[in-house]
Amino acid sequence: MITTQLYRKHYLSSAVLILAFILLGFFVSHALMKLSSHRPFPPPIFFAKLIDEINPGNRVLGLNRIEKLNSGSLPFKFALIDQDGKNLSSTGIDFVNSWQKIQKPSRNYEFQANSAESQLGPPGPPLSGFVRLPGSVPQYLYIYFDDKLIPPPFLMFLVTTVSLILSVLLGVGFSLFLMFRALHLKIDLADSVIAELQRGNLKARFPIKKMDEIGQAMSRFNKMADEIERLVEQLKMVEKSRMTLLQELAHDLRTPIASLKNLLVTIQKKNETSEKELRDELISISQKEVEYFERLVEDLLVLAQVSEPKHTSESALVNINEILNDEVESVGTLHEYSNKNISIQRDEGTDSVAVRGDQHLIHRMFRNCLDNALSFAKSEVTVILRINKERRNVEIVVQDNGPGFSEKALGAFGERRISRALGTEHENRISVGLGSVIMKTVARIHRGTIQVENRTLPPGQIVGAQITISLPVEHLGSG
């Protein structure tokens with residue numbers, strides 16, 4: 001899955017988006033920390049001089065004034081301490097018990113930080129300490145930092161963590177949104193194509209821009225749609241052909257029915273008075289009319305059974321060599337008294353060549369072809385079985401040494417002839433005009449072709465006919 005193009009595409013885009021949002025989270029966290037960090041504060045000496053400036057005669061009042069002005073502004077607290085460590089203001093801080101241990105500044109407006117507070121590490125709140133105020137009696141301004149006005153460290157850690165988690169969640173959510181949006185567009189496209197097919201537009205196809213997994217699925221769908229379109233067009237053409245044949249045959253049946261009826265009436269009326277020779281001739285003609293009906297019904301039954309073999313339960317792998325052997329033997333038996341020879345020439349590797357289709361229809365196609373060739377041949381019919389590996393087709397070539405095809409027959413091969421043939425030529429062969437129609441139809445539904453031509457010798461002398469049946473190979477065999 002990791003090697004698939006679609007996975008790599010979405011993985012890369014998702015990773016880039018999530019990384020971008022993580023960087024954004026770091027930036028937001030840094031900005032929040034910077035905003036909440038300690039701003040530069042005035043030095044402690046500033047507040048000491050400010051007290052003396054406000055009220056030098058009464059520093060307690062000056063201190064109260066400063067605290068009132070500073071309320072809610074700077075995180076400082078102040079206390080006025082005398083020389084004995086007693087608090088002169090109202091803040092409640094007293095250093096009487098530990099005053100002797102505290103290091104105090106000796107010069108006016110000198111600041112002395114508490115020795116217990118570390119000045120190492122990252123920047124933090126200002127150090128607390130004492131500033132000596134001027135005067136004959138020493139007084140000190142004690143300045144210390146109010147931690148209540150600054151967010152605690154764990155809160156800053158919480159803000160940083162939450163901002164990073166939110167950035168990851170936003171990155172994942174946005175990448176999923178883009179992924180599902182792309183899939184939704186593909187689904188809308190699929191719905192539109194399927195809707196076009198439902199409305200009867202069989203040429204509706206997916207536009208394929210990239211051959212990723214979705215593009216390959218679209219390509220397979222397009223191939224399926226091509227097959228459906230081909231099948232529907234095939235069914236329309238077959239149905240149209242059947243209707244045309246039925247109309248022609250319905251009209252054509254009137255002639256043999258009327259002829260047979262007249263023959264029977266004639267035989268009945270002249271049974272006693274007619275000569276034996278005339279009576280035998282009338283009976284012979286009647287038998288030919290019955291044979292014509294028999295062939296006509298048989299061919300119509302075959303045409304009625306013709307359907308797309310790939311989409312029926314009769315579809316199976318058919319061994320061409322075996323079918324050809326059966327039909328050569330069968331047709332040869334029917335013509336065994338005609339002094340005509342039929343032979344098969346096989347290329348190497350054709351013993352187990354197979355096509356997918358309807359075995360009964362392929363039998364009938366070969367039977368019609370061989371029967372037609374033996375009927376018109378003077379003495380010999382040759383069947384050649386070969387493989388066209390370049391086109392992956394098997395070719396069955398049937399050659400005879402008869403009179404060949406006329407120009408009209410070459411042009412009309414595969415189309416039903418309107419006229420009937422009950423003549424005495426070619427072994428009293430009766431033709432209803434459907435043999436080539438059956439052959440061409442069976443070959444077409446098996447996605448094959450039939451080519452008819454005359455065999456000639458210089459300077460254009462016709463020495464026989466040749467029919468080439470080409471069918472797509474499903475299995476070539478092992479040779």
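The values are calculated or read from the model by the stated rules, or taken from the named source; none is laboratory data. Here the structure is a predicted model, which means the values were calculated and not measured. Glycine gets a Cβ as well: all are built from the backbone with ideal geometry, and neighbour counts include every protein chain shown. Please note that ligands, DNA and RNA were not included when accessible areas were found on the heavy atoms of the full protein model with its side chains. Shrake-Rupley method; radii C 1.70, N 1.55, O 1.52, S 1.80 Å.
Quick rundown of the values:
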item: Solvent exposure ordering (accessible area, 1.4 Å, most first) of Lys68, Lys210, Lys101; result: Lys101, Lys68, Lys210
item: Probe 1.4 Å - accessible area at Val355, Å² to nearest ten; result: 0 Å²
item: Estimated inter-spin distance, Gln100 and Lys209, nm [label 7 Å along Cα→Cβ]; result: 8.9 nm
item: Where labels lie 7 Å past Cα in the beta-carbon direction, separation of Leu334 and Leu169 in nm; result: 8.4 nm
item: Surface accessible to a 1.4 Å probe, Glu294 within the full protein complex, Å²; result: 120 Å²
item: Gain upon complete extension [His184, Ala409; 0.36 nm per residue less C-alpha separation]; result: 75.1 nm
item: Cβ-defined net charge surrounding Leu324, 15 Å radius [Lys, Arg +1; Asp, Glu -1]; result: -4
item: Rounded FRET efficiency, nearest 0.05, which uses the C-beta distance separating Val159 from Glu53 and R0 of 35 Å; result: 0.30
item: Protection-proxy order for peptides 178-188, 371-381, 402-412, each taking the mean of Cβ atoms within 10 Å per residue, highest first; result: 371-381, 402-412, 178-188
item: Where His360, His335 fall by accessible area, highest first, once all protein chains stay in place (1.4 Å); result: His360, His335
item: Extended-chain gain in nm, criterion 0.36 nm per residue less alpha-carbon gap, Ser315 and Leu457; result: 47.0 nm
item: Heavy-atom SASA rank of Ile66, Ile228, Ile22 (probe 1.4 Å, accessible area, largest first); result: Ile228, Ile22, Ile66
item: Gain upon complete extension [Ala195, Arg392; 0.36 nm per residue less C-alpha separation]; result: 67.3 nm
